[in-house]
Amino acid sequence: MTLVTLKSSAISQVEYHERKKTLSVYFTDATNSTYHGVPKELYQGLLKAKSAGGFFNDKIRDHYKSS
């Protein structure tokens, strides 16, 4: 697991746990959530996305259980 800082107005950092397939998202408003069952390919797509917030909203937010 590595904490990665993003250049995004919505997301400050993300951390992916490959074995558990969890994605922890740290938002710029100081809140965070962990999403379960996220494929590595989606995590990689988030890192490469032109808009991390848009990618997150379209592909992750309402598609995976969070805690």
### Residues of the chain: accessible area per residue with a 1.4 Å probe, Å²
65 Å²
### Task
Summarise the accessible area of region 18-67 (1.4 Å probe, protein heavy atoms) by the percent that is carbon and sulfur.
46 percent
### Query
Can you list residues whose amide H is under 5 Å from Asn32's amide H, if they're 5+ apart or on another chain and H is modeled 1.01 Å from N?
Phe27
### Message
Run lengths n ≥ 4 of DSSP H only: what is the helix-derived mean residue ellipticity at 222 nm for the chain, with -39500 (n - 2.57) per run over all residues, to the nearest 500?
### Response
-7000 deg cm²/dmol
### Task
Report which label in (1) 16, 42, 27, 14, 1; (2) 18, 29, 25, 18, 9; (3) 23, 64, 13 holds the value of P(r) over Cα pairs in 10 Å bins from 0, in percent derived from the coordinates of this structure.
(3)
## Note on the structure
Expected unfolding gain across Lys21-Gln44 under the 0.36 nm per residue rule, minus the alpha-carbon gap, is 7.0 nm
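The values are calculated or read from the model by the stated rules, or taken from the named source; none is laboratory data. Note that this is a predicted model, so its numbers are computed, not measured. SASA here: full protein model, heavy atoms, side chains in, ligands and nucleic acids out. Shrake-Rupley method; radii C 1.70, N 1.55, O 1.52, S 1.80 Å.
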